[in-house]
Amino acid sequence: MHISSSLINRYKKGKVTNFTAIKANNMLEGKRQKQVAGLLNKELSDIFQRLGISMMDGGMVSISSVKITPDLYEARIYLSFFKVPDNFDALKKIEERSWEIKKELTSRVRHQLRSMPTLTFYIDDTLDYVDKMEKIFKDIKKDDTDS
């Protein structure tokens, strides 16, 4: 299996965990950004279930968060993978179907938004980070009890 280097580089650059607010020019996420992000999150979750994307390769895919730029032209969709063997392969499959996802999403939100934002998918590694930290804490606790 070959994963494009641009996909890996984008993942490394966009390695942002699930934050509640994005700081852009020292400003917090605006009310309209939150509204649009919430709308996109809800609709995308429905679309993923309807298209069968939420269950992939014996695992589960869910949308952990949606972040949108202040100009409302780009939406970053952070995906959480549970028991999916290869996250990059699953992300690639989702990106291959992105035109279908965007078409469905456009038809659902056409009355709420003037223009459809560009959708960019990222892997949300928050759960992996939490598991890693829990393992480290368990190892530290185990070392303390042994000595």
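A few remarks follow.
- Stretched out straight at 0.36 nm per residue, the stretch from residue 128 to residue 113 would grow longer than its current Cα-Cα span by 2.0 nm.
- Sites residue 141 and residue 60 - FRET efficiency at Förster radius 22 Å, r taken between beta-carbons, to 0.05: 0.15
- You can think of it this way: the chain between residue 88 and residue 46 has 12.9 nm of extra reach, that is 0.36 nm per residue less the Cα-Cα gap.
Each reported figure results from applying straightforward, stated rules to the coordinates on display, with no laboratory input. As the structure is a prediction and not an experimental result, all values here were calculated from the model. Note: ideal-geometry Cβ built from the backbone for every residue, glycine included; neighbour counts use all protein chains shown.
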